[in-house]
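**Student:** Structure incoming, see below.
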Amino acid sequence: MTAVTADRSAEPLPRPARLADVKGWFFTADQLLFDWFLSHQRERSVAGDLLELGAYMGKSAIFLGARLGDGERFTVCDLFDSPAGDAPNSREMAKSYATLTRRAFEANYLAFHDELPVIVQGPSSVVGEHVAADSVRFAHIDASHLYEHVHGDILAVRELLTGAGVVVLDDYRAEHCPGVAAATWQAVTGHGLRPLCLTGTKFYGTWGDPEPYQEALLAWLAGRGDLWHEVQQVNGGPLIRLSAKGAKEPAHPVSRYAAEADAAEAVEAPERPAEKAPEPARASGPAARPAAPRPTAARPPRGVLRRVAVDLLPPVLTRALVRARKRARTQAARP
Ligand SMILES: C[S@@+](CC[C@H](N)C(=O)[O-])C[C@H]1O[C@@H](n2cnc3c(N)ncnc32)[C@H](O)[C@@H]1O
């Protein structure tokens with residue numbers, strides 16, 4: 001089949017100032033759970049690498065990369081702008097990920113990290129040729145959402161995970177992708193996958209012993225007043241459901257463009273009294289590795305940023321800024 005992909009090599013690359021600027025689908029409950037599982041594994045010296053099938057623009061990959069331990073390998077597999085191997089997958093790509101390019105993923109990733117992960121550009125069915133069996137402690141399956149692909153990804157990941165490895169399945173219950181639900185529960189009832197917990201968007205499981213994870217997770221949840229949870233019995237074992245409505249996201253890696261964006265924001269914002277400088281974001285636990293250049297060790301108050309921005313701006317912008325500030329003062333002085 002011939003797939004025609006648009007040449008986007010001339011398009012400007014993204015310069016995300018924060019993780020929220022990276023397009024993708026990675027919500028608070030899952031950010032908290034990724035953080036918890038990865039920290040918990042590190043605290044208990046669970047060895048192994050990280051793996052993501054389906055990275056899109058890098059949102060969850062950037063987050064995972066910040067929790068990579070020394071000497072660990074992070075592999076990301078995605079088709080990016082390569083053609084899919086079958087017609088349904090091609091249609092899925094054209095419908096949902098038409099603007100995706102590997103260059104955009106790399107630009108996003110390198111905004112937060114010094115080095116790229118190991119990238120396998122191709123169908124997830126080849127991942128076993130690039131990742132060793134029994135080597136992965138945490139795998140995120142979020143590539144094609146079609147049954148045949150997800151079923152294959154689950155069986156492939158089963159071989160790659162270590163004994164205590166955890167697998168996360170995206171969109172296991174979404175209306176638009178019943179194939180993920182079918183493949184997920186088939187793995188539970190037919191292929192020995194033990195459920196650990198669920199959010200509204202992701203399923204967490206293991207082929208190892210679920211009990212120590214669930215015990216520790218329940219202990220953590222008991223101390224988190226901002227997270228709701230309950231336990232149900234499924235297929236003869238407990239399953240934790242949780243939701244994080246209103247909870248705060250865990251720490252994100254800091255972008256090398258954060259200071260630039262703060263300065264631009266300060267120029268646009270009307271004058272306000274100086275705020276207390278917020279602490280820079282830090283991922284919790286020893287797994288949290290500081291991301292690449294962190295220009296905002298402690299942010300100066302807005303007033304200082306505004307001055308610096310004015311000094312660095314071209315005269316035409318500075319004059320516009322001065323005019324805008326004068327206008328704001330005149331309006332504020334009106335009765
Ligand atoms: C839902 S997105 C991933 C979202 C990402 N994990 C995030 O949190 O933002 C799915 C990705 O899977 C990729 N994909 C689709 N079919 C694939 C296949 N057969 N093999 C590898 N990647 C595939 C798409 O290119 C897309 O980037």
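The values are calculated or read from the model by the stated rules, or taken from the named source; none is laboratory data. What you see is a predicted model, and the numbers here were worked out from it, not measured in a lab. Because the Cβ atoms are built from the backbone with ideal geometry, glycine has one as well, and the counts that use them run over all protein chains shown. These area figures cover heavy atoms from the full protein model, side chains too; ligands, DNA and RNA do not enter into them. Shrake-Rupley method; radii C 1.70, N 1.55, O 1.52, S 1.80 Å.
**Student:** Return the residue satisfying two criteria in turn: it lies in region 192-218 and is part of a strand (DSSP E or B) and either open to solvent by 20 Å² or more (accessible area, probe 1.4 Å) or not aromatic (F, W, Y) (or both), and of such residues it is farthest from N235 (Cα to Cα).
**Tutor:** K202
**Student:** Within region 164-186, identify whether any single residue is open to solvent by 30 Å² or more (accessible area, probe 1.4 Å) and of a type in the set (S, T, Y), and answer yes or no.
**Tutor:** no
**Student:** Quick one: in region 169-191, of everything that is part of a loop (DSSP other than H, G, I, E, B) and within 14 Å of the ligand (Cβ to nearest atom), which residue is nearest to L155 (Cα to Cα)?
**Tutor:** Per the stated criteria, the residue is Y172.
**Student:** Read through the list (1) part of a helix (DSSP H, G or I); (2) closer than 21 Å to A139 by Cβ; (3) open to solvent by 50 Å² or more (accessible area, probe 1.4 Å), then give the number of the only condition that V126 fails.
**Tutor:** Every condition holds for V126 apart from (3).
**Student:** Exactly one condition in (1) of a type outside the set (A, V, I, L, M, F, W, C); (2) in contact (Cβ under 8 Å) with a residue 24 or more places away in the chain; (3) near the ligand (Cβ under 9 Å from one of its atoms) is not met by S39; state its number.
**Tutor:** Going through the list (1) of a type outside the set (A, V, I, L, M, F, W, C); (2) in contact (Cβ under 8 Å) with a residue 24 or more places away in the chain; (3) near the ligand (Cβ under 9 Å from one of its atoms), S39 breaks only (3).
**Student:** In region 79-99, is there at least one residue being under 29 Å from A247 (Cβ atoms) and within 9 Å of the ligand (Cβ to nearest atom)?
**Tutor:** Quick first cut of region 79-99, residues under 29 Å from A247 (Cβ atoms) only: 96-97.
Right, trim to within 9 Å of the ligand (Cβ to nearest atom) and you get 96-97.
Looking through region 79-99, at least one residue is under 29 Å from A247 (Cβ atoms) and within 9 Å of the ligand (Cβ to nearest atom).
**Student:** A further question on this structure: Identify, from the list A84, A55, A47, the residue that is out of contact with any Gly (no Cβ under 8 Å at 6 or more places or on another chain), in contact (Cβ under 8 Å) with a residue 12 or more places away in the chain, closer than 18 Å to A132 by Cα and part of a loop (DSSP other than H, G, I, E, B). Even if it seems obvious, please write down each step before you answer.
**Tutor:** Working: A84 fails: closer than 18 Å to A132 by Cα; A55 fails: closer than 18 Å to A132 by Cα.
After ruling out the rest, the residue left standing is A47.
**Student:** How about region 219-268: which of its residues are of a type in the set (A, V, I, L, M), at pLDDT 95 or above, more than 17 Å from V22 (Cβ to Cβ) and open to solvent by less than 20 Å² (accessible area, probe 1.4 Å)?
**Tutor:** L221, L227, L239, I240, L242, A244, A247 - these are the residues of region 219-268 that are of a type in the set (A, V, I, L, M), at pLDDT 95 or above, more than 17 Å from V22 (Cβ to Cβ) and open to solvent by less than 20 Å² (accessible area, probe 1.4 Å).
**Student:** Just to be sure I understand, how many residues within region 149-159 are open to solvent by 10 Å² or more (accessible area, probe 1.4 Å) and touching a residue at least 40 places away in the same chain (Cβ under 8 Å)? Don't jump to the end; show me each part of the working.
**Tutor:** Our first condition is that a residue be open to solvent by 10 Å² or more (accessible area, probe 1.4 Å); within region 149-159, this holds for 149, 151-152, 155-156, 158-159.
Cutting the leftovers down to touching a residue at least 40 places away in the same chain (Cβ under 8 Å) gives us 149, 158.
Counting residues in region 149-159 that are open to solvent by 10 Å² or more (accessible area, probe 1.4 Å) and touching a residue at least 40 places away in the same chain (Cβ under 8 Å) gives 2.
**Student:** Report, ordered by the first and then the second residue, all pairs with beta carbons closer than 9 Å, sequence separation of six or more or different chains, a first member in region 101-113 that is hydroxyl-bearing (S, T, Y), and a second member that is at pLDDT 95 or above and part of a helix (DSSP H, G or I).
**Tutor:** As it stands, the answer is Y109/A61; Y109/I62; Y109/G65, since those pairs meet every condition given.
**Student:** Just one of (1) in a strand (DSSP E or B); (2) closer than 27 Å to Y109 by Cα trips up H229, so point out which.
**Tutor:** (2)
**Student:** Scan (1) open to solvent by 10 Å² or more (accessible area, probe 1.4 Å); (2) within 13 Å of the chain's Cα centre (by Cα) for the single condition V46 breaks and write down its number.
**Tutor:** (2)
**Student:** So, one more: Of these, T5, T28, which one is polar (S, T, N, Q), at pLDDT below 95 and within 16 Å of the ligand (Cβ to nearest atom)?
**Tutor:** None of the other options fit; the residue is T5.
**Student:** Scan region 59-81 and tell me whether some residue there is open to solvent by 10 Å² or more (accessible area, probe 1.4 Å), closer than 25 Å to E260 by Cα and not polar (S, T, N, Q).
**Tutor:** Taking every residue of region 59-81 in turn, at least one turns out to be open to solvent by 10 Å² or more (accessible area, probe 1.4 Å), closer than 25 Å to E260 by Cα and not polar (S, T, N, Q).
**Student:** Tell me which of these D21 doesn't satisfy, since it passes every other one: (1) surrounded by fewer than 22 Cβ atoms within 10 Å (Cβ to Cβ); (2) near the ligand (Cβ under 9 Å from one of its atoms).
**Tutor:** In the conditions (1) surrounded by fewer than 22 Cβ atoms within 10 Å (Cβ to Cβ); (2) near the ligand (Cβ under 9 Å from one of its atoms), D21 misses (2) alone.
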